């Protein structure tokens, strides 16, 4: 990392995370909760309709809460990391996944 950013983001990325979403200033709890709810709603909606979701696009869409609420907390969030990182939905049913785990010989912890 270029060492121009301090705090959690570089520490988390240096430990191997693909990305990190954090605030640029102290945040209000209620607005932070609303942002998180919108963020995960955006991810779920994109995964449901297309089977994949851009992690970088979700905070951008969630920041639009600023226009609805007027609270600058919604603008504080920044994504640090791989801008091409995507979540994808596994289309297999859970029973199929468990069957595959059993076939490979890899057991789930506690089983």
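The values are calculated or read from the model by the stated rules, or taken from the named source; none is laboratory data. Values in this document were obtained by computation on a predicted structure and should not be read as measured data. Heads up, the Cβs are rebuilt from the backbone with ideal geometry, glycines too, and the neighbour counts pull from every protein chain shown.
I'm trying to understand the selection: among the residues of segment 25-60, which are free of Cβ contacts under 8 Å to residues at least 12 places away in the same chain and over 12 Å from the mean Cα position of the chain (by Cα)?
Answer for segment 25-60, where residues must be free of Cβ contacts under 8 Å to residues at least 12 places away in the same chain and over 12 Å from the mean Cα position of the chain (by Cα): 26, 29, 30, 33, 45, 49, 50.
Taking segment 61-86 only, how many residues are in contact (Cβ under 8 Å) with a residue 40 or more places away in the chain and more than 22 Å from residue 16 (Cα to Cα)?
Residues that pass the stated criteria total 4.
Could you check, for segment 94-105, whether at least one of its residues is at pLDDT below 85, assigned to a loop (DSSP other than H, G, I, E, B) and more than 12 Å from the chain's Cα centre (by Cα)?
Yes, the conditions are met somewhere in segment 94-105.
Could you name every one of the helices (runs of 4 or more DSSP H) located completely within segment 1-78 that has at least 3 residues being at pLDDT 85 or above and in contact with a strand residue (DSSP E or B) (Cβ under 9 Å, 6 or more places away or on another chain)?
Because the criterion is at least 3 residues that are at pLDDT 85 or above and in contact with a strand residue (DSSP E or B) (Cβ under 9 Å, 6 or more places away or on another chain), the helices (runs of 4 or more DSSP H) in segment 1-78 that meet it are 29-50.
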